[in-house]
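What follows is a single structure, written as structure tokens, with notes after it.
Please treat every number below as a calculation from the coordinates, not as lab data. Just so it is clear, the structure is predicted and the values come from calculations on it, not from any experiment. Here Cβ is always computed from backbone atoms with ideal geometry, including for glycine, and neighbour counts include all displayed protein chains.
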Amino acid sequence: MSAASNLDRRTWLAGAGAAMLLASGDANADAPRLTVAFSLAEAVTNGVAVTPEGRIFAALARIDGSAGPRVVEIRNGTPVPFPDEAWNAYAEVPTRPVPSSG
């Protein structure tokens, strides 16, 4: 990436940031604010979806090596494996030897 394109990108980002700050000012005092739907202190959540009916689904990252479901539905504030526990069961994939190039 050239220095000129970096400058254009930085200028654009600065302008977009300023526009967002202006849009979040008093002019939008009646606009809905973000609301915490749930929090999972014991899991890293890297994706959340809410259906039109209000059902909440979350994708859990297991980058720390922890066990448990990867996809859950939040029911009454509690993560429940979705669609069920068997589908979310971790099965270690056997490693295969890397073919030699010779």
Stretch gain in nm, segment residue 55-residue 41, where the contour uses 0.36 nm per residue and the Cα spacing is subtracted:
3.0 nm
Stretched out fully, how many nm does the piece from residue 48 to residue 33 gain, at 0.36 nm a residue minus the Cα gap?
3.7 nm
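Going by average Cβ neighbours within 10 Å, how do the peptides 56-62, 32-38, 72-78 rank, with the highest at the top?
Working: 56-62: 16.1, 32-38: 7.9, 72-78: 13.9.
Order by mean packing, descending: 56-62, 72-78, 32-38.
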